[in-house]
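Here the structure is laid out as structure tokens; the discussion comes afterwards.
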Number of protein chains: 2
Amino acid sequence: MILHIAQFTWKPEVTAADVDALTTALEQMAAQIPQILSYRAAANLRVRPSTTDYACAAIVADADDLAAYLDHPLHKAVYDQHLGRMVAERAAAQLPIESGSFA
Amino acid sequence: MILHIAQFTWKPEVTAADVDALTTALEQMAAQIPQILSYRAAANLRVRPSTTDYACAAIVADADDLAAYLDHPLHKAVYDQHLGRMVAERAAAQLPIESGSFA
């Protein structure tokens, strides 16, 4: 299995309403992409100081399912309608995890 | 519960042996810090192009437990003996997750 993580820093003009709309769109997207086994998208809690404003985490079965998710029209639509104009910086990575080992 | 994620980009001089030693140290650390409920540290699989070389993900119960982990002497020791000299860039974030919802 793969844990996909993405961290975002927003452009200065991004508002709380933009972020709420993004979260709603991402959660609706995740619910409709079967390859996404677990999903979470939210503003960084900033328990510690950080330049990251927002993060997403998804668990998928393998690299093919990750591609199906990242290349899915619904994912592209979220970029076109929300993320594309919000993101100043993005960093993403994939970690190999064992099924059921990460909960 | 909190999903803590951290992404690292290495300095040019970091070797595969450095990364292996780091992973061993992080896994030993995680096994000895009770507040860490789930943990994974590994080189970025780079299923997609990325500047991130390495990532860590940990699940903890709450912000206090995250602080206990991040401020733990064993965590500090990993920085002193490994990460401190390896890291060019670091981005970390915390996501709120529901218990059992992320596996």
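Any read-out appearing in this document is the output of simple, stated calculations on the displayed coordinates, not a laboratory observation. For clarity, every value in this text was computed on a predicted model and none was experimentally measured. Every residue, glycine as well, gets a Cβ built from its backbone with ideal geometry; the counts of neighbours run over all protein chains shown.
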Phi-derived 3J(HN,Hα) across the stretch A:39-44 with the Karplus relation (6.51, -1.76, 1.60, θ = phi - 60°), rounded Hz, x for Gly and Pro, is 8, 8, 9, 6, 4, 4
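In a shell of Cβ-Cβ distance under 15 Å around B:ALA41, excluding B:ALA41 itself, what net charge do Lys and Arg (+1) and Asp and Glu (-1) give? It would help to have the intermediate numbers written out before the result.
Details: positive: B:ARG40, B:ARG90; negative: A:GLU98, B:ASP18, B:ASP20, B:GLU27, B:ASP53.
It works out to a net charge of -3.
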Given the candidates B:LEU45, B:ALA68, B:ALA31, the one whose Cα lies deepest towards the positive end of the charge dipole of the stretch B:2-96, counting +1 at each Lys or Arg C-beta and -1 at each Asp or Glu C-beta, is B:LEU45
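Averaged across the residues of A:26-39, what count of C-beta atoms belonging to other chains lies within 10 Å of each residue's C-beta? Can you show the working numbers first?
Values: counts 0, 0, 0, 0, 0, 0, 0, 0, 0, 0, 0, 2, 5, 2.
That average works out to 1.
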Distance from the Cα centre of the stretch B:59-94 to that of the stretch B:1-25, in angstrom?
-> 11
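Hey, got the dipole for chain A? About the Cα centre, +1 on K and R Cβ, -1 on D and E Cβ, debye to the nearest 20? Please report the intermediate quantities before stating the final value.
Working: 7 positive and 12 negative charges, 67 e Å.
Dipole about the Cα centre, nearest 20: 320 debye.
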Within straight-line cross-link reach of A:LYS76, lysines at Cα separation under 22 Å, skipping those fewer than 8 residues along the same chain | A:LYS11
Residues with amide H under 5 Å from that of A:SER38, placed H, sequence gap 5 or more | A:ILE59
Tell me what chain B gives for mean residue ellipticity at 222 nm when only DSSP H runs of n ≥ 4 count, each as -39,500 (n - 2.57), the sum divided by the residue total, rounded to 500 deg cm²/dmol.
-> -9000 deg cm²/dmol
Magnitude of the Cβ-charge dipole of the protein assembly as shown, K/R +1 and D/E -1, about the Cα centre, nearest 20 debye?
-> 320
Taking a label point 7 Å from Cα toward Cβ, how far is B:ALA21 from its twins in the other copies, in nm, shortest first?
-> 5.1
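From the mean inverse distance of alpha carbon pairs (Kirkwood) and the Cα radius of gyration, derive Rg over Rh for chain B. Please list the in-between numbers first.
Details: Rg = 13.5 Å, Rh = 14.1 Å.
Reported Rg/Rh, Kirkwood definition of Rh: 0.96.
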Looking only at A:LEU45, A:LEU83, A:LEU37, which one moves most when chain A is put into a Gaussian network model with springs between Cα atoms under 10 Å?
-> A:LEU45
Two pseudo-spin positions, 7 Å from Cα along C-beta at A:LEU74 and at B:ALA16, lie apart in nanometres by 3.9
So, in nm and shortest first, the distances from A:THR51 to its counterparts in the other copies, with label points 7 Å along Cα→Cβ, work out as 0.7
In the stretch A:1-79, the trypsin sites (Lys or Arg not before Pro) that sit in a DSSP loop and have at most 15 other Cβ atoms within 10 Å of their own Cβ are A:ARG46
To the nearest 10 degrees, the tilt of helix B:16-32 (Cα long axis) against the first principal axis of the alpha carbons of chain B is 20
